[in-house]
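The values are calculated or read from the model by the stated rules, or taken from the named source; none is laboratory data. All values derive from a computational prediction rather than experimental measurement. Virtual Cβ from ideal backbone geometry, glycine too; neighbours counted across all protein chains shown. Note: accessible area is taken over every heavy atom of the protein model, side chains too, but ligands, DNA and RNA are not part of it. Shrake-Rupley method; radii C 1.70, N 1.55, O 1.52, S 1.80 Å.
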Amino acid sequence: MEHRYLGGSGFRVPVLSFGTATFGGKGEFFKAWGTTDVKGATRLVDLCLDSGLTLFDSADIYSGGAAEEILGEAIKGRRNQVLTSTKATFRLGEGPNDVGSSRFHLIEACEASLRRLRIDHLDLFQLHGFDAMTPIEETLSALDDLVRAGKIRYVGCSNFSGWHLMKSLAIADRHNLPRYVAHQAHYSLVTRDFEWELMPLGFDQKVGTMVWSPLASGRLTGKIRRDQPLPASSRLHKMADQGPWVDNDYFYRVLDTLYAIVEETGKSVPQIALNWLLQKPTVSSIIVGARDEVQLRENLGAIGWNLTSAQVAKLDSISERTPAYPYWHQRGFTERNPLPHSRNPGAGGPG
């Protein structure tokens, strides 16, 4: 298992981490992701640790806290072998303060997650979204208190806009408060909006990317083929209207190229899609999920080899989309405003 620095920190994480949204399956939304129980989760954790995958990511809202509880049971007795990451900010409860990134909610949420996970500290604590109602100074001060109390080691965020992240980093620097070392963001071969603003920002500010939904909500699992019906087991039946939205003609053009590379490499569609992401700047770790051992083993097959530069270029070309303004305009001035790809071909790190 390859390890990379998480952004500009000295903390190294495996290039693949395990997402636990499939644990629990409470409610229709999370049931569509998976219904893994404690026994199944323990087996998946065993396989992860055997492969060197030691980082497990969760969130307090996953199945209403059940995912954290199941993960806590699955890692019981081997805390020193694993790295834990979870997220808070979204609503979890009916009270007026059961949502957001206020001091009140973040401290309550962190302590509740620690209880559910049955551990005394989190290696990474991330804001699940940006709270525009709470002053950033209050949020970062609360995170600083949690770091100083020994309850969290590093802080990150998720689903931020570029200005959300940059403003937070500037305030952290001004007041000597914890800097976000990770941004958990959506990124895949067929959803590349992340590259327009967030990737250059992460590259410049040394914020590592933890990629969520790297297979585009099941589109790149290898179960979908041109001119064939959507498999009955696909969660896209229930979740396609919740994003990301991918144009069908565009998707199948990319998929045709993927299958051509399958023939060249002998690797599977998801393995190629994941390996392509690992070639991209700022990517510290890709969060993979799995309902069962078969899916997990296939995802683990994405490491230990690399696509050729020609294959990466082919996938880059077929999946390229015209960016929104001002990014399409800026591409006419790469002489002095180059893309991250051309500044540094490697992944994120202190540099």
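What the table shows:
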| quantity | calculated |
| --- | --- |
| Rounded percent of accessible protein surface that carbon and sulfur make up, the chain, 1.4 Å probe | 50 |
| Accessible-area value, residue 31, 1.4 Å probe, nucleic acids and ligands omitted, Å² | 110 |
| Percentage, to the nearest whole number, of Cα pairs in the chain over 37 Å apart | 15 |
| Whichever aspartates and glutamates have a C-alpha closer than 14 Å to that of residue 76, once near sequence neighbours (fewer than 8 apart) are set aside | 46, 68, 120 |
| Order of exposure, largest accessible area first, which applies to 136, 303 with probe 1.4 Å | 303, 136 |
| Spin-label model distance (nm) - residue 49 vs residue 248, 7 Å beyond Cα toward Cβ | 4.6 |
| Accessible surface, the chain, averaged per residue in Å² (probe 1.4 Å) | 44 |
| Residues residue 262 and residue 305, FRET efficiency given R0 of 22 Å [Cβ-Cβ distance, rounded to 0.05] | 0.95 |
| Cross-link table 31/280; 206/280; 223/267; 26/223, entries beyond 20 Å C-alpha to C-alpha | 31/280; 26/223 |
